[in-house]
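The values are calculated or read from the model by the stated rules, or taken from the named source; none is laboratory data. Just so it is clear, the model here is predicted, and its values are computed rather than measured. All Cβ positions, even for glycine, are placed from backbone atoms using ideal geometry, and neighbour counts span all protein chains on display. Note: areas computed on protein heavy atoms with side chains; ligands, DNA, RNA excluded. Shrake-Rupley method; radii C 1.70, N 1.55, O 1.52, S 1.80 Å.
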Amino acid sequence: QVAIAVGIALFATTRTVFLLGDTPLAHYVSYHVVFLLFIAFTVSRMRFVPALLTVSAAGAAAIAYALAMGLTVDWLAFSQYFVATSLLGGTLGYLLEYRDRGDWLKTRMLDLEKQEMTVLRDLADSEAKRQQQVGQYLADVAGNLTPTEIAGRTLRFLVAQTGAQVGTVYLADGEVARRAVCWGAEGEAGARASLARGEGLVGQALETGRRLHLTHLPTDYLPVRSGLGAAAPASLLLEPVRQGSDVLAVIELG
C-alpha cells in the first residue's frame, strides 16, 4: 500500500508540474494530492486516536512545506480542508475500531459457544456412561436373587465403579444391621457380624437414614489388608439404601 501511494503521488506530482509548470500553484496542488493519498492509504489502517494524530502531523508538514517554499497559504481554505480530512481520518479510524470490536465479539461468542458445546458434550458423555452403568447393574441383579446375593453383586459393582479397596453391606433386620457380604475385609476382624440400630457408624446410618462421609480414620478401622500389611482407608462412605422412610441396608465403602 505504501508503494502504491508513493507511486501515485509521484505520478500526480510530475503530471501537475508538466501541466502547470514549476510554479507555486503546481507545488500547492502537488502537496495537496500527496496529503490526500497519505490520508487514504495510511490513516485508513489506524485506530481513531492515531488517525487524528497522523492527520495533524501531515497537516503540520504541509504548512511547513508551504512556508519553506514561500507559498501563499489561504488559511481559511486550509483550515476547512484540514477539518474535513481530520473528520475523514477520524471516521475511518472509528469504523476500523468498530469493525475490529465486532470481530472480537464474534470471536468471543464463538469461543463461548465452543466452551458451552464442550460442557454439553461432556455432560452428555457422562450421562451416557451413567446410563450404561445403570444398565449393567440392573443386568447384574436381574433374576430371582436373595437379598444376600443382591448385596454381593451390588458391592462388587460399586467397588469396580468407585475404586474402593474395602467395603461391606449390612442388611436391616428389625433393630439390628446384619453383615451380608464383605469386600477386602477379613470377617469378624474386619467387619462385625451385626450392629444394633444406633451403634457405630453403620448403626447411625441405619437409624438416621443419612449419608456419612468421613476422613482421617483410625488405623484399625476397617483396615485395607495386603500380603505386606494393613492400613486404614483414606476415606469412608456409608450410604443408606432407602425405600420411602425405611432403611433396607447400609453400604460401606473405604
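Simple spin-label estimate for residue 178 and residue 193 gives 1.1 nm between the two label positions (7 Å along the Cα-to-Cβ direction from each Cα).
From largest accessible area down, sort 179, 108, 210; use a 1.4 Å probe on the protein chains.
Ranked list, largest accessible area first: 210, 108, 179.
For a test of the definition: using alpha carbon positions, the gyration tensor, and the 1.5 limit on a/c, classify segment 130-194 as rounded, prolate or oblate. In terms of gyration-tensor shape, oblate. Would you mind getting me the FRET efficiency between residue 214 and residue 156? Use the beta-carbon distance for r and R0 = 25 Å, nearest 0.05. For R0 = 25 Å, the calculated efficiency reads 0.65. The residue 61 and residue 108 beta-carbon pair, evaluated with R₀ = 45 Å, returns a calculated FRET efficiency of approximately 0.70. With a Förster radius of 30 Å applied to the beta-carbon distance between residue 246 and residue 137, the computed FRET efficiency rounds to 0.90. From most to least packed by mean Cβ count within 10 Å, the peptides 115-124, 195-204, 132-141, 235-244 give 195-204, 235-244, 132-141, 115-124.
When all protein chains stay in place and ligands, DNA and RNA are ignored, the 1.4 Å accessible-area order of 251, 150, largest first, is 150, 251.
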